[in-house]
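For reference, the structure is listed below as structure tokens.
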Amino acid sequence: MTIHKPNRGLPDQEYESDVSFGYQEVTPEEKDRLVREHFDSIAGKYDIMNSFLSLGFHHLWKRKAIRTLAPEPGWLILDACGGTGDLAVLAADRIGKTGSIIICDINFAMMEAGKPKILRSPVAGRIAFVQGDAEGFAFRNDSFDAVTVGFGIRNFTRLEKGLREIYRVLKPKGRFLCLEFSRPTSRFFNALYDLYSFVWMPLAGQIFAGTRKAYTYLPESIRVFPSPDRLIRILEEIGFSRVIHKRLTNGIASIYLARK
Ligand SMILES: C[S@@+](CC[C@H](N)C(=O)[O-])C[C@H]1O[C@@H](n2cnc3c(N)ncnc32)[C@H](O)[C@@H]1O
């Protein structure tokens, strides 16, 4: 495993304004720390809690995301914020023996938690790990055929900086596949979802993962994240083209596919 020490040393850091960590307004440095602590605290239980709280839907969403990306044999793919590696394993199945995937995540514990699952998979030899920050990748410009991010950009401290980095490391015409939570479109479903995510999720987090705090941040971070329309505008302003948006399960999650 290559370790790239995250380096966010912005010269103008002290002038950065506060950012959201769920419903809290915090400094960018605090958010960096809180996100790190959040994933440190849930890494060991991440996969099982994901399946439990999404009632298994996250597997379907991830499969659909990779079908939408349609990776081709020989591709070099970056799974940014790859965590425990679900998207990487699904994509690795499609790129053949000549393709490769790099899982890049800022959190070592998340990648460690996913390693046994990846090593058991028949495509393990196509996947490498790099610890690194998506807001300042250690990769050259125009390197990857595709970048995937599953449920990661919501945690960025500087969303546009991270998206610009993804754009930078993609080859011209390279594809960006983003899977992220959004909001249900039906009012009835939205009310049910609020109940589920603000009452049941924190309680389940407390009972089954030993952390109420982490599973309070999760629904809050979804509520404060830009809407699909806003995110599409941000992607286009950065330079992405042909942005496609697909809603999943009444809009609980969304797939975005864009080209450099
Ligand atoms: C909700 S998990 C998603 C994991 C995996 N992609 C999935 O779909 O199951 C979000 C991941 O993003 C990572 N992350 C958050 N901010 C990051 C950053 N700036 N650079 C790289 N990884 C980051 C976290 O460490 C965590 O592993």
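Just one of (1) over 14 Å from the mean Cα position of the chain (by Cα); (2) assigned to a strand (DSSP E or B) fails for residue 147. It is (1). Against the conditions (1) part of a strand (DSSP E or B); (2) within 10 Å of the ligand (Cβ to nearest atom); (3) surrounded by fewer than 23 Cβ atoms within 10 Å (Cβ to Cβ); (4) of a type outside the set (Gly, Ala, Ser), residue 179 satisfies every one except (3).
In the stretch 123-144, of all residues being assigned to a helix (DSSP H, G or I) and small (Gly, Ala, Ser), the one that is nearest to the ligand (Cβ to nearest atom) corresponds to 124.
Taking the criterion of being within 14 Å of the ligand (Cβ to nearest atom) and either of a type in the set (Ser, Thr, Tyr) or touching a helix residue (DSSP H, G or I) at 6+ places or on another chain (Cβ under 8 Å) (or both), the residues of the stretch 152-175 that qualify are 153, 154, 155, 156, 157, 158, 159, 160, 162, 163, 164. Close Cβ contacts (under 7 Å, 6 or more residues apart or on different chains) running from residues in the stretch 121-134 that are without any contact (Cβ under 8 Å) to a residue 40 or more places away in the chain to residues that are within 15 Å of the ligand (Cβ to nearest atom) and not in a helix (DSSP H, G or I) comprise 126/101.
Condition check ((1) closer than 26 Å to residue 200 by Cα; (2) more than 12 Å from the ligand (Cβ to nearest atom); (3) not in a loop (DSSP other than H, G, I, E, B)) across all residues:
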{"residue": "41", "(1), (2), (3)": "yes, no, yes"}
{"residue": "44", "(1), (2), (3)": "yes, yes, yes"}
{"residue": "47", "(1), (2), (3)": "yes, no, yes"}
{"residue": "52", "(1), (2), (3)": "yes, yes, yes"}
{"residue": "65", "(1), (2), (3)": "no, no, yes"}
{"residue": "72", "(1), (2), (3)": "no, yes, no"}
{"residue": "79", "(1), (2), (3)": "no, no, yes"}
{"residue": "88", "(1), (2), (3)": "no, no, yes"}
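Being within 30 Å of residue 173 (Cβ to Cβ), within 13 Å of the ligand (Cβ to nearest atom) and among the hydroxyl-bearing types (Ser, Thr, Tyr) is the requirement here; does residue 84 meet it? Yes, satisfied.
Take the conditions basic (Lys, Arg), surrounded by 15 or more Cβ atoms within 10 Å (Cβ to Cβ) and either without any contact (Cβ under 8 Å) to a residue 40 or more places away in the chain or within 21 Å of residue 56 (Cα to Cα) (or both) and apply them to residue 247. Does it pass?
Details: basic (Lys, Arg): yes; surrounded by 15 or more Cβ atoms within 10 Å (Cβ to Cβ): yes; either without any contact (Cβ under 8 Å) to a residue 40 or more places away in the chain or within 21 Å of residue 56 (Cα to Cα) (or both): yes.
Answer is yes for this residue.
Number of residues in the stretch 164-194 that are of a type in the set (Gly, Ala, Ser) and without any contact (Cβ under 8 Å) to a residue 60 or more places away in the chain: the value is 1.
Inspection of the stretch 54-70 identifies at least one residue that is at pLDDT below 95 and under 25 Å from residue 40 (Cβ atoms). Consider residue 77 carefully, then state whether it is within 19 Å of residue 252 (Cα to Cα), crowded, with 16+ Cβ neighbours inside 10 Å, touching a residue at least 12 places away in the same chain (Cβ under 8 Å) and in contact with a helix residue (DSSP H, G or I) (Cβ under 7 Å, 6 or more places away or on another chain). Criteria not met by residue 77. Counting the residues of the stretch 205-249 that are of a type outside the set (Gly, Ala, Ser), closer than 24 Å to residue 39 by Cα and in a loop (DSSP other than H, G, I, E, B) gives 5. Could you go through the stretch 103-121 and let me know if any residue there is more than 13 Å from the ligand (Cβ to nearest atom) and of a type in the set (Ser, Thr, Tyr). Yes: the stretch 103-121 contains one or more residues that are more than 13 Å from the ligand (Cβ to nearest atom) and of a type in the set (Ser, Thr, Tyr).
Taken over the stretch 90-100, the criterion of being more than 22 Å from residue 154 (Cβ to Cβ) and either within 9 Å of the ligand (Cβ to nearest atom) or crowded, with 24+ Cβ neighbours inside 10 Å (or both) is satisfied by 92 alone.
The values are calculated or read from the model by the stated rules, or taken from the named source; none is laboratory data. For clarity, every value in this text was computed on a predicted model and none was experimentally measured. With ideal geometry, Cβ positions are generated from the backbone for all residues, glycine too; neighbour counts draw on all protein chains shown.
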